[in-house]
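Shown next, in structure tokens, is the structure this report addresses.
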């Protein structure tokens, strides 16, 4: 019911430009605030959590792009891992500068997603999800066993840190600025994509794929495009992770991580891309906030998840409409 | 060891593991068929089943048959409570329900971790000794797993085919609204289906407890395998899960014997993707509407 009224709101002539520009204003405010974050946080551990939260935000947003065409990827972490391994290997073996390897890994990941998407073109809905799951399993197996290249279960160590025009982002505090910039970039990209012709096509496919197809929208092409963009961004995020933690192994990107990204979208609220953001912001630091309840923290984490789903089926972002029910 | 012995031995090992996959996959596919959710906590119920076996069989030395019954009943009841408490309120939205099962999985696994500890503990074999047929040796404990699983799946099959409730479940899986019109109470079928599903997982856990050790993390692999079996056999198809489970177990065992376990694992996944491309609905599944 709420969703329908929102769709109606969007098409209503009552000043649509104002609302859609609100995110930009928020982003500018967030940028201003972010400048002080590393110096305000009490110690480096919190900065580390902030960095991980930004990376989760990138993963969740990119997964949301795939979700916005009505698909779900259970192999999102595998694409992140693919990007991480490509970037790390380029930097370690060939001495490619991290920024360039970041770009290459994003493109390579997007290409492999597009190829996979083209092969599994005819699979719809749940079967598509299953193939992404299998892709994730194959990725883990290959990463574990192709020891000559991936160094197997031991993983790749001493990956060079992120650097940009001689500026190093090796420390936690400096990486925060890089991660934040990348996060904003992904956010703006999602926002722009959402507003573009692509975004409208995506949503029409999500709402009714048959109707969209009969309206002349090439649904499988758009689904592949969304899958490739989302997975490509995940690849970049994985590469960033590799150059930040400076160690990757097959355990860094497992099925559990893929599922965690989906959880972020659902707990945050999946009707809008803000939901992915809110989910990442809420769930990534949550285990740390619960650290006082030593031993109980994971149980509480699961319980909080269930409670949110149970009482806020629209996710955390539906809180906003509870607070001010007459918006618009 | 000659070729024949090797073949038979690998076949028995494949059957043991395939029976476990079958028990897991049958319940997994039952819940998917009826409730349209992927139960990510399925492996946790397997784990609790093996835990029940650890306490009742290894600690209190209860007869093994009783252990199996206890595992099924305890876990079945837990499953019904979980369905009523967590999944029922989210019934209108399958994706949310699916994510909620993830929350259940986290809670169950860590609760067990808290009072059981992380270190794996072994359970003695149920029966000692082995059967010699010519040059081939079968351990009785392996044969017991195969026989017990076959009896349980057979019973479950009969229940689904003949019993009123089983037929009601199949009706709900086919068309929920039409089943409602026929006077089937979906509110009663859902917790029952969920309870039976996780009870089967618990029995699998209890049966395999002497083969693998018991720890809070033993459920993960069987869950992933059940997922693969269900893809192979067709989502929601019980015959598909039975066939797929046996097939996957045998492929795994023969593949590992002849090509090494790594190649076998990758081959297995490639095979499943191949089948999905040729027959998207799995070996015995029906086309999605």
Take residue A:144 and decide whether it is out of contact with any strand residue (DSSP E or B) (no Cβ under 9 Å at 6 or more places or on another chain), facing another protein chain (nearest Cβ under 10 Å) and buried (at least 22 other Cβ atoms within 10 Å of the Cβ).
no
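Every residue, every condition in (1) within 24 Å of residue B:250 (Cα to Cα); (2) in contact (Cβ under 8 Å) with a residue 12 or more places away in the chain, yes or no:
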site: B:11; (1), (2): yes, yes
site: B:29; (1), (2): yes, yes
site: B:36; (1), (2): no, yes
site: B:47; (1), (2): yes, yes
site: B:56; (1), (2): no, yes
site: B:60; (1), (2): no, no
site: B:83; (1), (2): no, yes
site: B:92; (1), (2): no, no
Within the bounds of segment A:301-314, is there any residue that is within 11 Å of chain B (Cβ to nearest Cβ) and under 30 Å from residue A:154 (Cβ atoms)?
yes
Sort out for me the helices (runs of 4 or more DSSP H) sitting completely within segment A:107-212 that have 2 or more residues that are within 28 Å of residue A:250 (Cα to Cα).
A:125-145, A:147-150, A:172-195
Anything in segment A:151-160 that is under 12 Å from residue A:85 (Cβ atoms) and within 24 Å of the chain's Cα centre (by Cα)? List them, or say none.
A:155, A:156, A:159
Among the residues of segment A:160-176, is any over 25 Å from residue B:262 (Cβ atoms), in contact (Cβ under 8 Å) with a residue 40 or more places away in the chain and within 14 Å of another protein chain (Cβ to nearest Cβ)?
no
State yes or no: is residue B:137 farther than 30 Å from residue B:110 by Cβ and in contact with a strand residue (DSSP E or B) (Cβ under 8 Å, 6 or more places away or on another chain)?
yes
Tabulated pairs, segment A:93-104, first free of Cβ contacts under 8 Å to residues at least 40 places away in the same chain and at negative phi, second part of a loop (DSSP other than H, G, I, E, B) and surrounded by fewer than 12 Cβ atoms within 10 Å (Cβ to Cβ), C-beta under 6 angstrom, 6+ apart or interchain
none
Return a yes/no flag: does segment A:213-228 have any residue that is away from chain B (no Cβ under 14 Å), touching a residue at least 24 places away in the same chain (Cβ under 8 Å) and in contact with a strand residue (DSSP E or B) (Cβ under 8 Å, 6 or more places away or on another chain).
no
Is it the case that residue B:35 is more than 18 Å from residue B:202 (Cβ to Cβ) and surrounded by fewer than 22 Cβ atoms within 10 Å (Cβ to Cβ)?
no
Here, helices (runs of 4 or more DSSP H) confined to segment B:171-289 with at least 2 residues that are crowded, with 20+ Cβ neighbours inside 10 Å and either within 14 Å of chain A (Cβ to nearest Cβ) or under 22 Å from the mean Cα position of the chain (by Cα) (or both) are B:186-208, B:220-233, B:238-259, B:261-278
Turns out the helices (runs of 4 or more DSSP H) fully within segment A:254-328 with at least 3 residues that are closer than 24 Å to residue A:188 by Cα are A:255-268, A:273-283, A:318-323
Using the structure shown, decide if residue A:204 is surrounded by 15 or more Cβ atoms within 10 Å (Cβ to Cβ), away from chain B (no Cβ under 14 Å) and touching a residue at least 24 places away in the same chain (Cβ under 8 Å).
no
Total residues in segment B:102-161, condition in a strand (DSSP E or B) and either touching a helix residue (DSSP H, G or I) at 6+ places or on another chain (Cβ under 7 Å) or within 14 Å of chain A (Cβ to nearest Cβ) (or both)
5
Per-region count, segment A:229-265, residues within 14 Å of another protein chain (Cβ to nearest Cβ) and modelled with pLDDT of 85 or more
11
Can you tell me which residue in segment A:287-311 is modelled with the highest pLDDT, limited to those that are surrounded by 16 or more Cβ atoms within 10 Å (Cβ to Cβ) and within 22 Å of the chain's Cα centre (by Cα)?
A:306
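The values are calculated or read from the model by the stated rules, or taken from the named source; none is laboratory data. Small disclaimer: the values here were computed from a predicted structure and weren't measured. Quick reminder, even Gly has a Cβ in these numbers, built from the backbone with ideal geometry, and neighbours come from all protein chains shown.
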